[in-house]
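Each remark here refers to the structure printed beneath this line.
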Amino acid sequence: MRDWVKIGLLFLVSLPVLLGTWERLVFVAQGAVGAPWVDQRYADHPWLSALHLMPGAVFFLLGPLQFLSRLRRGPWHRWAGRLFILTGTLSGIGVVWMVWVFPAVGGLLTQAVTMAIVGAIICLMSWGWRCARRRQIAQHRRAMMRAYALGLSVSTTRIFIDLAEALAGLEFMSTFVPASAAGVAVNVLFTEALLRRKGR
């Protein structure tokens, strides 16, 4: 598959979370009051929301570009990779903080799973950075692809939520937990199958 096709597909999958991030940031900047509590939580904690949303947007914008072969050969890939790790870590810290400060949809289960996923992403990115410094390129790619897949599951989850609403009329509150599980499972299984097929 051509690089631009892969990148286009990844941006397409990322689109729900990128659009949602923009809407949330505008909502927070306006300081809205009286919105449904799922949205109002963001306006009530603007700095915490910004800590999660702004680095998260950079993470999702940079992620697909890391798969472009010609950019992996130059210094851009190294610097973009460092920024990818930094923004992923900051956004992860922000969301872990959020699920404890906000009333978390899904309660304790959401809090525990969020901490586990964010911990896995940060560990994988740290290992990927270490492997890159040691010139262990294959191990670096595997670690970073897995970290990105876990991060991208946020957007895959939103796709499942939107499909459940459009096809079955199900509301966000009833689909968030199963859609989140499906998003993580699909991304992890797809990535592991891809790594196995490519022998990476």
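By how many degrees, 0 to 90 and rounded to 10, does the Cα axis of helix 107-133 deviate from the longest principal axis of the chain? Value to nearest ten degrees: 20.
Averaging 1/r over every pair of different alpha carbons in the stretch 115-166 and inverting the result gives a Kirkwood radius of 11.9 Å.
Please quote Rg/Rh for the stretch 16-75 to two decimal places, taking the Kirkwood radius as Rh and restricting both calculations to Cα atoms. For the stretch 16-75, the value is 1.17.
Computed with a 1.4 Å probe over protein heavy atoms only, the accessible surface of the chain comes to 58 Å² per residue. Calculated mean residue ellipticity at 222 nm for the chain: -30000 deg cm²/dmol, from DSSP H runs with n ≥ 4 weighted as -39500 (n - 2.57), summed, divided by the residue count and rounded to 500.
Taking the empirical scaling 2.2 N^0.38 Å for compact globular proteins as reference, the stretch 1-152 has a Cα radius of gyration ratio of 1.11. When Rg and the Kirkwood radius Rh are both evaluated on Cα atoms of the stretch 94-200, their ratio Rg/Rh stands at 1.05.
The values are calculated or read from the model by the stated rules, or taken from the named source; none is laboratory data. Every value quoted in this text rests on a predicted model; they were computed, and no experiment measured them. Protein only, heavy atoms only, side chains kept; ligands, DNA and RNA dropped before computing areas. Shrake-Rupley method; radii C 1.70, N 1.55, O 1.52, S 1.80 Å.
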